[in-house]
1. Enter the mean projected area of the convex hull around the alpha-carbon atoms of region A:334-421, in nm², rounded to one decimal.
2. Only helical DSSP H runs with n ≥ 4 go in: add -39500 (n - 2.57) per run for the protein assembly as shown, normalise by residue count and round the 222 nm mean residue ellipticity to 500 deg cm²/dmol.
3. How large is the convex hull of the Cα atoms of region A:71-131 per residue, expressed in Å³ as a whole number?
4. Using the 2.2 N^0.38 Å rule of thumb for compact globular proteins, work out how region A:335-491 stacks up: its C-alpha Rg over that value, please.
5. Taking amide hydrogens as modeled 1.01 Å from N in the peptide plane, which residues meet the under 5 Å criterion relative to residue B:442, leaving out close sequence neighbours?
6. Quick check on region A:515-568: take the gyration tensor over C-alpha atoms, sort the square-rooted eigenvalues as a ≥ b ≥ c, and tell me if it's rounded (a/c under 1.5), prolate or oblate.
7. Roughly how many debye, to the nearest 20, is the charge dipole of chain A about its Cα centre, given +1 on each Lys and Arg Cβ, -1 on each Asp and Glu Cβ, and no other charges?
8. Mind jotting down a quarter of the surface of the convex hull over the alpha carbons of region B:70-171, in square nanometres, one decimal?
Amino acid sequence: MRIQHPFARTLITVRTWPVVIDLVVALCGLAVFFGIIHMARYWWGTETPVVPISHSLRALPLYAFYSIARITLAYLLSLVFAISYGYFAAYHPRVEAWMVAVLDILQSIPVLSFLPPVVLAMVALIPGHQLGIELGVILLIFTGQVWNLAFSFYSSLKAIPREMLEAARIYRYSAWQRFWQLEMPYAAIGLVWNSIVSVAGGWFALMLCEMFTMGDRNFRLPGLGSYMQSAADSGDLDSLLIGILVVILIVVATDQLVWRPLIAWSDKFKFEQVESADRVTSPILEWLRRSPLLNSLPGTIWSRLEEPIYSRLARRAETRLHPYDEDADSRKGVIGFWAFLAVVGIAACWAVFQAAYMLRTVTWADLRLLLEGAAATFLRVNAALLISALWTIPVGVTIGFNPRLARFVQPFAQVMASVPASAFYPILLIGLIRFGGGLGFGSIALMLLGTQWYILFNVIAGAMSIPSDLREVSELYRFTPFQRWTQLILPGIFPYLITGMVTASGGAWNASVMAEYSKVKGETLQTIGLGAQISSATDHGRFPIILLATVLISLIVVSMNRLVWRRLYRLAETRFKLEG
Amino acid sequence: MLEAAAQIEVQRSAGKAIIQAEKIEKYYAQPSENRIQVIAPTDLKIVPGEILALLGPSGSGKSTMLRMLSGLSRPSAGHVYWHGQPISQARVNVSIVFQSFALFPWMTVLENVEAPLQARGVAPEERRERSLRMLDTVGLDGFQSAYPKELSGGMRQRVGFARALVVEPEVLFMDEPFSALDVLTAENLRSELLELWSKKTMPTQAVFLVTHNIEEAVLLADRIIVLGRNPGHIRTDFRVEIPQPRDRKAPAFLQLVDYIYKVLTKPEEAPAQVPDQQAGRRVRDQRQMKYQMLPHARPGGIAGLLELLLDKGGRDDIYRLADDLAFEIDDLFPIVEAAQLLGFLKIEEGDVSITPAGEQFANSEILRQKELFRDAALENVLLLRQIRRALETKSNHTVPEEFFLDMLDEQFSEDECQRQMETAITWGRYAEIFDFDASRRRFVLPEAQEEEAAASEETE
């Protein structure tokens, strides 16, 4: 028998409990099964782009179920895509730099810009079924959560120590074995943490995707997002609050039922030589580990599946050891590479041609408006960053320096951050209308709502990482408060602050689409800005404007990353790194 | 025809050898059309029944050699044969024990040992049985369900051995397997390895050990190959005839250790091999090059060594020096070489003796030491001299680091360039030859000297 977790199990007194756990696990499995059946029936039904949204409480569980199913599917899709993309990029040095650059650009594009092409393509591909529209929406959510996963997997692969790879090669691991025993475990922790961020991003996108107009076509799918949107549209504050409450409940439940157990479980993949003292614990995981069913069944199934694969792979001659080349490129892939390059080149030319053809309807006035919008959004994003930094630095440092406070605040803030800011937008907007503030400044507040958390977390982590002996030195030599901040705290948190700001800046650009243009109580609120341009262009079906605005956004974001953030990052890594 | 005949000849002579390398070399192409030669063309054979130790200072390409012989890395030129067959086409059965252990931390000890068998398609029951037996052999009975991070370094390396031996390799490669362990643990593991080997409990025909520990080589090996560096080449290849078990204090043992020290410290008269010119590209032989290779030693270490030497009467055996300091050759050699480069000491026949300049340096107080170091460095180290001159001639008295990196690039690999620059900066800062602004990556003239230089400019 295989003893998987000897240390966890010895602590547990065996009683009749496990039977109950098995029962619960089995019931969960049954629920998932019926859920799938229900979903399939709905998807294969006829196409109904506009589903009437009921505001009754009784409809909520079903809506929540639909939304969760969408996010889950989009997430699974993202995971598969991220792993394939990262894997391909890491092992094909010729295209590696290109693939990373493409990822960088795609990451800077707001979700809404993907909307028209994705939805139109899906509806056209699967006509007559609800599945087409649903897939379109799922793909949109996918674009909101896939990129950081891909980055994470790719960089994990690149960071695998050389001797581990050599061990895998000298013992003739097949690609299959290497993937499951070396690459996936090594990337697991990064993937788990990025999954949390991704799913939060999925919720953010959900508010946008379940209900939208595109030119003369309306789309409204049953789900929490459209429930809240339509509640906001009709000014039904009670329904709106209930919707928000349900979202928060789901987020908290996900955190407790999925993420915490996953984090605790992934602890065993930590690449460390000694066991660390502080570990995340999860009662749910402990509980699940007590289930005899879960302890034996997956392992048995897995090895049943796995063994034939290994013995077949071993029989194939390809598992022979191939020396790798460090200096001379192998000539094998050359033809394939050039063919690939040619296809990409032709596709790119075609795309540019199409785009140019499309853009011919854009007038100079449009262009001027876009550039003005870009300037306005640029200022707004940076204002939001500045304001976040101004309040989060003192608060974060206070929390970070006070471990007891940190222990109390951190889990709470973590949950707060995964509650999608877009859920609170309608409330804020209703407030804005009531008190007569314009969206010009209001949108900054909306951006803040989504982005400040990243900075806060990083500042807390940074403050906690400042060694206590350095703090003691500053006390011993009676540093003035000014000295303390400029010579100890700010340099100490600098790398973390930069990490937080980079993430927040990307998030703020993406949020601009929602923050600058909203429909509440039947009115459309908007202000000058690139995000507003994209939103209104989607509403009116003006694709050239969307295209141009998207290009502008990704140009600004990518060049900001290259020119400003990357430099600061390098500075953080060299000069402000706290070593030893 | 001729080629075919040569092929047959190779196969015949390789009949006995498990692995045979023919004129294998390694070089890295540089952007500047130059090549950095890491290993000069080398012939080498691994034959059944012996432990072969490859010994050399850092930078002699020991690990690169191991990777070429084990088939992990392809030589830039030359061939490696496995039982007479080119190694890339043969079904090779080797294992490597790594310096860092390279165990998979998310797998239990047993799973780690089982994994290579799984790769070979061995059935689960047999896999388990063989792995447990091997764990028993290396003394890890009862630890099978532990995770590597719960074990001590020595225990972890035992897992590394078990994993390597469980596939019953014909050749067991070991890449400095004991150097990450503390002295006692390493000693314990060494003797256990010898026991396994001599009692034939391990199913291995030959062992190839890479090490920079001279005593370890003499203790374990039946044959020792000493590598020289820049580029890596064989300096000597000899059999160790002392019967096992060997006594570290026995005269024959000490003699052999002393002999290896002598070989390692003796300057080489001629390049071991004429650089190969066949590919048309220029191959730089680093011994004929403009910049000396700076040994990566700190000024403090140099001063400490000279003071110790002075205490011992100004002359000592390198081997005894290393023993006193409990240094391995990789720790001691850079310091000795640096002192030699600066003209502070001389090496002859494995002995080091302090020069008058060195004596003066060792006897001076701190500020005077800096001055002496500065004079010696400016006189003997071309790179430092160039940096200094460039700083004095430029009107703003500052030069970017990149400028000199570009010049070093002609001669050294990228990593080595960085290391050379780091050493030069350490020496230059200590001797106040220049100051280095790390955030702007620029050399600057120290203030006092700047004023001086400015004054001399005015008078000119």
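Just so you know, all these numbers are worked out from the coordinates, no wet-lab data involved. On a predicted model such as this, the values are computed, not experimentally measured, just so you know. Don't worry about glycine lacking a Cβ; one is built from the backbone with ideal geometry, like all the others, and counts go over all protein chains shown.
1. On the way: hull surface 47.3 nm².
So the mean shadow area of the Cα hull is 11.8 nm².
2. Only helices count here, giving -20000 deg cm²/dmol.
3. 110
4. Here the answer is 1.60, to two decimals.
5. The answer is B:401, B:437.
6. Values: a/c = 4.78, a/b = 1.94, b/c = 2.46.
Note, shape of region A:515-568 comes out oblate.
7. Computed charge dipole of chain A: roughly 700 debye.
8. 7.4
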